[in-house]
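Here is the structure we will look at, set down as structure tokens.
The values are calculated or read from the model by the stated rules, or taken from the named source; none is laboratory data. If you're wondering where the values come from, they're calculated on a predicted model, not measured in any experiment. Cβ: placed from backbone, ideal geometry, glycine included. Neighbour counts: every protein chain shown. Note: accessible area is taken over every heavy atom of the protein model, side chains too, but ligands, DNA and RNA are not part of it. Shrake-Rupley method; radii C 1.70, N 1.55, O 1.52, S 1.80 Å.
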Amino acid sequence: MYGFNGRLSESFPSQLMVDITEVCNLGCIHCTHPVFKTSKVYAKSMLDPKLNQKAVDEIDKHGKNLTKYIRYTSNGEPLVHPKSYEMIQYAVDNSGTKVTLTTNGTLLNEKKMTRLLDTGLHMIDISIDAFEDNTYEKVRVGGDLKITKKNVLKIIDLKKKTNSKTKIIVSFVEQKQNSNEIENFKKFWRENGADEVLIRKLHTNSGDNVDHLKNNLKRDTIQRRPCLYPWERIVLTAKGFLSFCPTDWFGKSIINDYRKTTIKDLWNCDFYKDLRSQHLSNNFTNKFCLQCPDWANTSWPMDKNKSYADLVERLLYEN
């Protein structure tokens, strides 16, 4: 029941997450970044564009029809990286797959919006998380909803005027501070041209956000099943390492230095095989996975609750 099926490939990851920077301009309450920023592992790291090029070239060589998309994101705000546009452009031009960006939208101006759309990337996911100004101020600390909303409406307008094929989606992490605004949020953005409105589940970032544990589906409430991530994706971190978990902020899921290996070799290495076996047997020697409750929020291809990857496939492959 669990394993390489559907979009999941044993030969190569079906998605690559590229965390291009550790720097962020906000301090969202559902995010680990405020704590991460005070830790010893925080280094304001920026991904070396040469490693981005190496990853893109690997996907072009080994991931054809296997890697469904590259997702530019970060343990921070991707557009803070001074080479973010160039890296996205290289991926669009050379990867042979779909390219997406996740951003908080606060740094966009018309020039930057035009530059992004001109890259030809396939999807921009803008995290907003609120409908009311005061809620946004509480949830996305340091941000101003009036500015963000204006930016998103502008890029939607530019997309229409330029006949860009880039999909614009807006997202919302449901939590106690904003759950009463979901329907208004959906209605507003659907009426104002967003290609999709995504309501995300609140998770604990691998157990690091202790305050969210009580809101999370804990492993003692249902029988534990394998987490999807070891079968689905690999993460290239801003420090240049390859990691097996997209919600790890503190380097606990790092496998190897990408400067010393390849994605293809790592995906089929003994470490990954053993990690998958631990998940299948529910017999963990990997302490990081053992303590994490977020496995319950991952969605396999056969699940009724569809995942982010299913959304991407629907928007970028079926339409």
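If you scan the stretch 243-285, which residues turn out to be among the small types (G, A, S) and on the phi > 0 side of the Ramachandran plot? Across the stretch 243-285, the qualifying residue is only G251. Note on the stretch 54-98: residues that are within 12 Å of the chain's Cα centre (by Cα), in a strand (DSSP E or B) and not hydroxyl-bearing (S, T, Y) amount to 2. The set of residues in the stretch 224-248 being aliphatic (A, V, I, L, M), within 18 Å of S11 (Cα to Cα) and either open to solvent by 20 Å² or more (accessible area, probe 1.4 Å) or in a loop (DSSP other than H, G, I, E, B) (or both) consists of L228 alone. Looking only at residues of the stretch 104-118 that are assigned to a helix (DSSP H, G or I) and open to solvent by 10 Å² or more (accessible area, probe 1.4 Å), we find that the one that is farthest from N151 (Cα to Cα) is D118.
For the subset of the stretch 163-178 comprising residues that are of a type in the set (K, R) and closer than 14 Å to T119 by Cα, which member is farthest from the chain's Cα centre (by Cα)? Filtering first and then ranking leaves K165. Looking across the stretch 281-314, the residues that are outside any helix (DSSP H, G or I) and either in contact (Cβ under 8 Å) with a residue 60 or more places away in the chain or aliphatic (A, V, I, L, M) (or both) come down to C292, P293, T298, S299, W300, P301, M302, S307.
Regarding the stretch 161-175, can at least one residue be identified that is open to solvent by less than 10 Å² (accessible area, probe 1.4 Å), at pLDDT 95 or above, in contact with a strand residue (DSSP E or B) (Cβ under 8 Å, 6 or more places away or on another chain) and in a loop (DSSP other than H, G, I, E, B)? Yes.
Among the residues of the stretch 1-51, the ones that are at pLDDT 95 or above, under 18 Å from the mean Cα position of the chain (by Cα) and among the hydroxyl-bearing types (S, T, Y) come to 3 in all.
Of the residues making up the stretch 249-269, those that are touching a residue at least 60 places away in the same chain (Cβ under 8 Å), in a loop (DSSP other than H, G, I, E, B) and more than 17 Å from G63 (Cβ to Cβ) number 3. Residues that are free of Cβ contacts under 8 Å to residues at least 40 places away in the same chain and open to solvent by less than 50 Å² (accessible area, probe 1.4 Å) within the stretch 40-68 comprise Y42, V56, listed in sequence order.
Looking across Y272, Y317, one residue alone is closer than 30 Å to H122 by Cβ, in a helix (DSSP H, G or I), among the aromatic types (F, W, Y) and modelled with pLDDT under 95. It is Y317. Within the stretch 94-113, the set of residues being over 16 Å from R140 (Cβ atoms) and touching a residue at least 24 places away in the same chain (Cβ under 8 Å) comprises N94, S95, G96, T97, K98, V99, T100, L101, N109, E110, K112, M113.
Considering D144, D195, the condition of being under 17 Å from C28 (Cα atoms), within 23 Å of the chain's Cα centre (by Cα), open to solvent by 20 Å² or more (accessible area, probe 1.4 Å) and at pLDDT 95 or above is satisfied by D144 alone. Between S95, S74, the distinction of being within 22 Å of I59 (Cα to Cα) and buried (at least 24 other Cβ atoms within 10 Å of the Cβ) belongs to S74 only.
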